[in-house]
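The values are calculated or read from the model by the stated rules, or taken from the named source; none is laboratory data. Quick caveat, the model's predicted, so the values are computed rather than measured. Cβ placement follows ideal geometry from the backbone for every residue including glycine, while neighbour counts extend to all protein chains displayed.
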């Protein structure tokens, strides 16, 4: 059986993503790191251990025009 150990996504709002994964899905925060000098923040969330060893990495650039771009919407008007 193939298992996914981790996945990474860029998000526009790390606080909003954190609230969704922890409050809505009940996942735990494994790491929350802000690197001001790089204008970058990343979160690592996952199911509570030992149920899951996999995790989801959420990256957010703290400046306009980073990896997520400058718009808060994707083509077609679907909010990110």
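Provide a single number: the residues in segment 21-37 that are in a helix (DSSP H, G or I) and either surrounded by 14 or more Cβ atoms within 10 Å (Cβ to Cβ) or in contact (Cβ under 8 Å) with a residue 40 or more places away in the chain (or both).
Going residue by residue through segment 21-37, those that are in a helix (DSSP H, G or I) are 21-24, 36-37.
From what is left, the residues that are either surrounded by 14 or more Cβ atoms within 10 Å (Cβ to Cβ) or in contact (Cβ under 8 Å) with a residue 40 or more places away in the chain (or both) are 21-22.
Residues meeting the conditions: 2.
All conditions but one from (1) modelled with pLDDT of 90 or more; (2) surrounded by 13 or more Cβ atoms within 10 Å (Cβ to Cβ); (3) under 15 Å from residue 59 (Cα atoms) apply to residue 15; the one that does not is (2).
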